[in-house]
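Each remark here refers to the structure printed beneath this line.
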Amino acid sequence: MRTKCPYYIELSDLNDFGRMACAFEPIPLVSLSLDMRNERVLALEGDFVFGRPIIFYVKNRKEQFGEYLAYRVNGVQEEVSIVDHISSPTFSYSPIINIDSFPFPVTPKAKTKLRSKFKVTKLRDLTSLVKVCAYKSYDEPPIPLLLFEDSKTKRIILGAAATFSESDDFYSFYYIHLETIPSSYFVRYASQRTDQPFFSNKLDEHGCIYLKVIRLASGHPLVSLDE
């Protein structure tokens, strides 16, 4: 079966890209370095939905070049850089693969038909959203939470795509509204306590589940809200 052209989703900055590629991953995801309309970008492959791969990318605005993307959280600060070699065990390293020719058209303007968009499910609270992401799979990291402003409603959305069936027909984007954009890039959740989940930059509390928050550069092309 021929794979359809990907959906391209732009991330806000290099920190978001590094967080997606490395944070909580037993083996960091591979980063692809390629040209998009005469501009160098870093990209990584997400899930397949509706027979198409989702490719997240970020523009390499500082034109950094190297063999690895290095990522770590030091205290409450993230450190992300592009380096020539692996030098410290305190970092996670995503290998950068330099792509000369790509099997798909490399354009962020790939058209999305309405019938190919996610079904949307609004949840009541952050706790419900965290559970959707944290308990989708017991042997994989939690699903990343995507943060963006919806292009139609102009509301701040935090959500994730998940399916509880083997069929794509039941793939849904679960989301909540936020009043403001959080300054932290993780959500902490303690399932064995009555504490409510909250946004945090600290990852050092024992017995907690942490989910990474990934900010998009603009709205999600597969999510349409008509509220």
Notebook entry, point to check: Residues in segment 12-31 that are within 16 Å of ALA43 (Cβ to Cβ), of a type outside the set (Lys, Arg) and crowded, with 20+ Cβ neighbours inside 10 Å: how many?
Noted result: 9
Margin query: Which numbered condition in (1) surrounded by 14 or more Cβ atoms within 10 Å (Cβ to Cβ); (2) at pLDDT 95 or above is the only one that SER184 fails?
Written below: (1)
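Determine which member of the set ALA134, ALA160, ALA190 is surrounded by 12 or more Cβ atoms within 10 Å (Cβ to Cβ), under 15 Å from the mean Cα position of the chain (by Cα) and at pLDDT below 90. Walk me through how you get there before you give the answer.
On the way: ALA160 fails: at pLDDT below 90; ALA190 fails: under 15 Å from the mean Cα position of the chain (by Cα).
Of ALA134, ALA160, ALA190, the one residue that is surrounded by 12 or more Cβ atoms within 10 Å (Cβ to Cβ), under 15 Å from the mean Cα position of the chain (by Cα) and at pLDDT below 90 is ALA134.
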Check: Of the conditions (1) within 17 Å of LEU11 (Cβ to Cβ); (2) at pLDDT 75 or above, PRO141 fails just one. Which one is it?
Finding: (1)
Next item on the list: Could you list, in sequence order, all residues of segment 1-33 that are charged (D, E, K, R), modelled with pLDDT of 95 or more and closer than 18 Å to PRO95 by Cβ?
Entry: ARG19
Next item on the list: Being free of Cβ contacts under 8 Å to residues at least 60 places away in the same chain and either part of a strand (DSSP E or B) or closer than 24 Å to TYR175 by Cβ (or both) is the filter here, so list the residues in segment 199-220 that pass it.
Entry: PHE199, SER200, CYS208
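In the set SER191, SER184, which member is closer than 20 Å to CYS22 by Cα, outside any strand (DSSP E or B) and either without any contact (Cβ under 8 Å) to a residue 60 or more places away in the chain or assigned by TED's automatic domain parsing to the domain that holds GLY18 (or both)? Give the derivation first.
Values: SER191 fails: closer than 20 Å to CYS22 by Cα.
Residue meeting the stated conditions: SER184.
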Checklist line | Breaking point among (1) at pLDDT 90 or above; (2) more than 23 Å from LYS212 (Cα to Cα), for MET36 | finding: (1)
Notebook entry, point to check: With respect to the numbered conditions (1) closer than 12 Å to LEU14 by Cβ; (2) of a type outside the set (D, E, K, R); (3) assigned to a loop (DSSP other than H, G, I, E, B), which one is the sole condition not fulfilled by SER81?
Noted result: (3)
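The values are calculated or read from the model by the stated rules, or taken from the named source; none is laboratory data. These figures come from a predicted structure and were not determined experimentally. We place every Cβ from the backbone using ideal geometry, glycine too, and count neighbours over all the protein chains shown.
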